[in-house]
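Input: a single structure, listed below in structure tokens.
The values are calculated or read from the model by the stated rules, or taken from the named source; none is laboratory data. What you are looking at is a predicted structure, and each value in this text was computed from that prediction instead of being measured. Note that each Cβ is placed from the backbone with ideal geometry, even for glycine, and that neighbours are counted across all protein chains shown.
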Amino acid sequence: MQNWRLLVCTLSFSLCLAVSLVTAPFASAETVGQSWPQRPVHFIVPLGAGSGVDITARVFADRLSEKWGQPVIVENRPGGDAFIAITSVLGAHDDHVLLFAPVSTFSAHAYLHDRLPYDPKDLTPIARVANTLIGLGVPATLGVSTLKELVAKIQQAPGKLNYASVTGANDLLFSAFLKTENLQMARVPYKNAVEAIKDVADTRVHAFVAAYAIMRAQVQAGKVKVIALTNHQHAKSLNDIPTVAEAGYKSLEFDGLNGILGPRSIPQEARDRIAADIREIAADPNIESKLSALGQVVNPGTAAEFRQSMDEQQKTVKRVGDTLGITPASNETLGSRPAQ
């Protein structure tokens with residue numbers, strides 16, 4: 001009798017174990033959205049402190065930390081044309097290490113490099129957050145108040161004026177604009193957008209296309225004037241600045257786009273939760289007001305909506321590349337070896 005009871009207990013335990021092994025993956029898939037995150041989340045930002053995306057990331061990080069019950073840490077890893085930040089995220093192999101970035105930092109990579117240290121297909125959109133307002137800034141002492149006046153001044157002295165260039169889509173955009181309008185300006189390369197705008201303020205550089213947030217302090221100090229916005233729309237706080245289309249130069253039109261991206265391995269349920277929480281926080285009028293003052297148009301969206309916005313920006317980058325006669329690197333070579 002004792003042996004019989006032991007046999008029954010053993011069979012019962014084996015059956016329960018088999019059932020748990022079969023059903024465990026399904027239970028995990030159903031609960032991952034609710035259980036994520038299990039530990040601190042890191043937002044890797046490819047630009048330095050004070051940039052538009054840095055400020056936006058910190059605003060959302062504070063609120064998400066409260067909502068998730070886990071620290072959300074913003075880490076600035078500028079430099080290397082965003083390679084440092086992107087490879088940090090993809091190399092971590094961790095769905096708690098995410099990229100919080102302007103799409104413009106990497107959307108032009110195929111037009112700027114023959115090879116990349118990462119595979120673009122591995123970078124997965126998770127949530128659209130905001131549109132960054134991108135301005136064309138000039139020294140306040142330059143004596144121009146409109147884009148047409150700047151064009152006229154460049155035409156009067158071909159090659160005498162210069163512009164700041166920080167590698168990325170904005171740089172290609174302004175180069176294509178100069179070519180389209182048959183304008184000659186000297187290019188001054190910079191590694192850091194903050195340093196570039198300082199030189200604009202000191203009149204060492206005569207034009208710079210960058211996020212309004214980077215220019216804001218110098219604008220408020222009366223040293224830099226933003227004469228146009230490249231975006232399709234204004235922020236409520238910047239209605240007095242015309243768009244480039246309103247100024248008559250549609251070739252300079254370009255929407256800044258910020259969002260959260262991560263590795264392809266991040267579960268769909270976790271992506272959905274991040275996007276939903278971003279949308280909920282963005283609906284707070286205080287968040288919208290704060291970011292609007294910094295030149296951000298809050299525009300939350302799902303992973304699919306973010307992908308669509310990225311594709312739209314990519315079309316603009318392609319048009320710019322075509323204007324400049326640049327052939328993009330092929331999918332076969334991108335990511336095959338480190339950039340040189």
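Some observations on this one:
- Number of the exception - Arg128 against (1) among the charged types (D, E, K, R); (2) surrounded by fewer than 17 Cβ atoms within 10 Å (Cβ to Cβ); (3) within 24 Å of Asp54 (Cβ to Cβ): (2)
- Screening Leu136 with (1) more than 28 Å from Ala228 (Cα to Cα); (2) touching a Leu at 6+ places or on another chain (Cβ under 8 Å) gives one miss only, at (1).
- Positions within the range 300-320 being more than 17 Å from Thr230 (Cα to Cα), not aliphatic (A, V, I, L, M) and not in a loop (DSSP other than H, G, I, E, B), in sequence order: Pro300, Gly301, Glu305, Phe306, Arg307, Gln308, Asp311
- Scope the range 191-237; condition more than 19 Å from the chain's Cα centre (by Cα), of a type outside the set (Lys, Arg) and surrounded by fewer than 18 Cβ atoms within 10 Å (Cβ to Cβ); matching residues: Glu195, Asp199, Asp202, Thr203, Ala217, Gln220, Ala221, Gly222, Ser237
- Condition met for Pro189 (assigned to a loop (DSSP other than H, G, I, E, B) and without any contact (Cβ under 8 Å) to a residue 40 or more places away in the chain): no
- Residues located in the range 96-131, provided they are in a loop (DSSP other than H, G, I, E, B) and over 15 Å from Met310 (Cα atoms): His96, His113, Asp114, Arg115, Leu116, Pro117, Tyr118, Asp119
- Filtering the range 160-180 to residues that are at pLDDT 95 or above and part of a loop (DSSP other than H, G, I, E, B) leaves Lys160, Leu161.
- Complete set of residues in the range 298-334 that are out of contact with any Asp or Glu (no Cβ under 9 Å at 6 or more places or on another chain) and hydrophobic (A, V, I, L, M, F, W, C): Ala304, Phe306, Met310, Val317, Val320, Leu324, Ile326
- Asp171 falls short on exactly one of the conditions (1) surrounded by 22 or more Cβ atoms within 10 Å (Cβ to Cβ); (2) among the charged types (D, E, K, R); (3) over 19 Å from Gly79 (Cβ atoms), and that condition is (3).
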